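Everything below concerns the one structure shown next.
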Amino acid sequence: MDAALQLAVENLLARYVHAIDDDRLEDWPGFFAETCLYRITTAENLERGLPLSIIYGDSRAMLADRVSALRHANIYEAQRYRHTVSSTLVERVDANTARASSNFQVVRIMHTGESMLFASGRYLDRIRMKGDGGELQFEERVVVLDSRSVDTLLAIPL
């Protein structure tokens, strides 16, 4: 086991969910490489090899556009998320790449204070280690939802 890599990946995942949960959505695209893949799909679609995604972005610029739309164009009820991420498995692919798989649950908190389990599933990540400083970025993040029933209020990234 590569303990330093494990800690670095867990740190990346923690910083990622804290940025979303703290409503620092403008920071979210910075967790990704310039050319990347971010998609949300269901376990059923993944198992069947179906390409349909609920949310899809293939570049950091597309993710930044999504944040801009959330802030300035989309109309949705005020809400926050609170993530719990656990059971992160990390595997080094080569000197500059790792794969990680982790489980997550997201509680959605509405402006009324009502809280509910909004999503559960797993993250399937391909992570690139950049430069000598070892900065990590997602090359690919596939969010696999356990349920095929998705609330139409899925506005904020998971």
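The values are calculated or read from the model by the stated rules, or taken from the named source; none is laboratory data. Note that the coordinates shown come from a computational prediction; the quantities given were computed from them, not determined experimentally. Please note: Cβ atoms are built from the backbone with ideal geometry, for glycine as well, and neighbour counts cover all protein chains shown.
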inquiry  = For the list (1) more than 16 Å from the chain's Cα centre (by Cα); (2) closer than 22 Å to residue 147 by Cβ; (3) small (Gly, Ala, Ser), I need the number of the one condition that residue 53 fails.
reply    = (1)
Selected residue (only one of 35, 41 is buried (at least 18 other Cβ atoms within 10 Å of the Cβ) and either of a type in the set (Phe, Trp, Tyr) or not in a helix (DSSP H, G or I) (or both)) = 41
Residue that is in contact (Cβ under 8 Å) with a residue 12 or more places away in the chain, in a strand (DSSP E or B) and either closer than 21 Å to residue 29 by Cβ or of a type outside the set (Val, Ile, Thr) (or both), where the choices are 147, 86 = 86
task = Run down 114, 77 and say which single residue is surrounded by fewer than 15 Cβ atoms within 10 Å (Cβ to Cβ), of a type in the set (Asp, Glu) and in contact (Cβ under 8 Å) with a residue 24 or more places away in the chain.
result = 77
ask   = Hey, any hits in region 90-97 for a residue that's modelled with pLDDT of 90 or more, within 27 Å of residue 8 (Cα to Cα), surrounded by 13 or more Cβ atoms within 10 Å (Cβ to Cβ) and of a type in the set (A, V, I, L, M, F, W, C)?
value = yes
task = Determine, yes or no, whether residue 118 is modelled with pLDDT of 95 or more, part of a strand (DSSP E or B) and under 15 Å from the mean Cα position of the chain (by Cα).
result = no
message = Looking at region 51-89 only, could you name the residues that are at pLDDT 95 or above and either basic (Lys, Arg) or under 14 Å from residue 123 (Cα atoms) (or both)?
response = 60, 82, 83, 84, 85, 88, 89
ask   = On the given criteria, is residue 66 over 17 Å from residue 130 (Cβ atoms) and in a helix (DSSP H, G or I)?
value = yes
